[in-house]
Amino acid sequence: MKPFMLFVAALFFVVSEINSQWIEQVSGVNVSLNSSTTFSVPGGGAYICGNSGTVLKTTNGGTNWLSVSAGIPAALDLKTIYAVSPIIVLTAGTNASGMALVYRTTNGGTTWQNTFSQQGCNIYGFAFVYNRPYIIGSPVGARWSIWYTTNDGLNWDSTGWYLPQAGSETGFYNSVFSLDEKFWFGTNNSHIYRSEYAAPNWKIQSTAPEVNSSAISFQFLLVDNIGIGLTGGTNILRTIDMGFNWLPVATPGAGSITGISFLPGSTSICWYLKGEKIYSGINGNNFSEQYTAPNGVYNHISYNITGYPGTWAVRNNGGISKYTGQIGIQQISTEIPDKFSLSQNYPNPFNPSTKIKFMIPLSRGVSVGRGVLSLVRVYDALGRETATLVNEQISPGTYEVEWNAGNNPSGIYFCRLVSGDYSKTIKMTMIK
């Protein structure tokens, strides 16, 4: 094999960080941020909670984060938060005496009131089923702490929601997920609990041999309602039947999983957090490192069903990372081509931007509606991954993606398309 071909073959096994799809935002605090939740506003809205009674809010996609915590004790470390609506929000933590407290705002965070307390409890998260919020908390007196409200968190009731604790099992902060009429929460006992139809219709879903389900999330599809689900503690488990069967998938990275999320819709992009790194996959498979935080470790990643921009991952030092999406991809023709192709970039040489055209045909395993997983990645002359331009399901058609290399030095770069069983690499030259 020629030396150049050996180099090209080797470079695609190099794993490195991809920085193009995540940006850092300024929180204005340096305390641990522990949970985030989104709400509908055209610019992208979110609330974040953290230690020392911290609650942050944005209504412009995170360009500005405002402190909105009046009424919450500064000594209370808030571990979970949920936006019932843009102005009705619930957040919870446990104080120094072991009392779990829920605070509620009905005016977008201007003021907060304590509406729930439970001694000896940790509140792991909130579920939202049939327009009714639920509290999921650690077991007290050999039963799980499960409460519901019919008035958006003003009053809470546990009647009818008895779930006995199995042995000494407990759960994890933010390992609670709800969608439509179902909710799930994770344990450290090799199983997940699931309820549905706003009734204590409990199903125990095994995660063995994975002991911990420290995070959980499901894909939301506009057509199919519920799709793929992910959970895990050290390794990722995947389900395609709403959690009745969980199977392991390859899980790069060391340490414990602290968050899992999907990008809702047909693209099926998903993430999990480990330490200071974010890993990305498609349809719950093919995970690779996507981003490394400049400092701190990740505690949580939001799940966004609002239809507006915004997925945020928060860290233990006040750090906030925001997912910015794919970079400049445009469909330039809906006419279905008869074969795969990757065209030479133009202009070439370039400074500092160039465009890359590729075609996806209708072939075996590729449907018009869902398309095929396609990756367009750029590598430098040393084989280091420089950018991911496309990482999603692509329907048949002709596409163009632009790469702005303004932050990269002059030199030789390689762009590779992988789509189904097809792959091709082109050589590009940037001259500043």
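For residue 357, the aspartates and glutamates whose Cα falls under 17 Å of its own Cα, not counting residues fewer than eight places away in the same chain, are 335, 338, 392, 400, 402.
Going by neighbour counts of Cβ atoms within 10 Å, the residues 300, 191 line up, fewest first, as 191, 300. Between residue 129 and 134, the built amide H atoms are under 5 Å apart, and every one of these is 5 or more places off in sequence or on another chain.
Simple point charges give the picture: +1 on the Cβ of Lys and Arg, -1 on the Cβ of Asp and Glu, and for region 22-323 a dipole about the Cα centre of about 220 debye. Extending 7 Å from Cα along the Cβ direction at residue 85 and again at residue 424 yields two label points whose distance is 5.3 nm. Shown here are the Rg and Dmax of the Cα trace of the chain, at 22.9, 73 Å. Residues in region 88-103 carry Karplus couplings, in order, of 9, 9, 10, 9, 8, x, 10, 7, 5, 8, x, 9, 7, 10, 10, 10 Hz; the curve used is 6.51 cos²θ - 1.76 cosθ + 1.60 with θ = phi - 60°, and Gly or Pro positions show x. Straight Cα distances below 19 angstrom link residue 277 to the aspartates and glutamates 17, 24, 289, 385, with same-chain residues fewer than 8 positions distant left out. By the beta-carbon count within 10 Å of each Cβ, the least crowded to most crowded order of 431, 88, fewest first, is 431, 88. The helix-only estimate of mean residue ellipticity at 222 nm for the chain, built from DSSP H runs of length n ≥ 4 each weighted as -39500 (n - 2.57), is -500 deg cm²/dmol after division by the residue total. Taking label positions 7 Å along the Cα-Cβ direction at both residue 31 and residue 168, the computed distance is 3.1 nm, reported to one decimal.
For 84, 102, the sequence from fewest to most other C-beta atoms within 10 Å is 84, 102.
Put simply, the amide H of residue 394, placed in the peptide plane, has neighbours under 5 Å in 372, 373, 374, leaving out anything fewer than 5 places away on its chain. In this rough spin-label picture, where each label sits 7 Å from Cα along the Cβ direction, the residue 157-residue 206 distance is 3.7 nm.
FYI, it's all coordinate maths here, none of it is from the lab. Being a predicted model, the structure only gives us computed values, none of them experimental. As a convention, Cβ positions derive from the backbone with ideal geometry for all residues, glycine included, and neighbour counts pool all protein chains shown.
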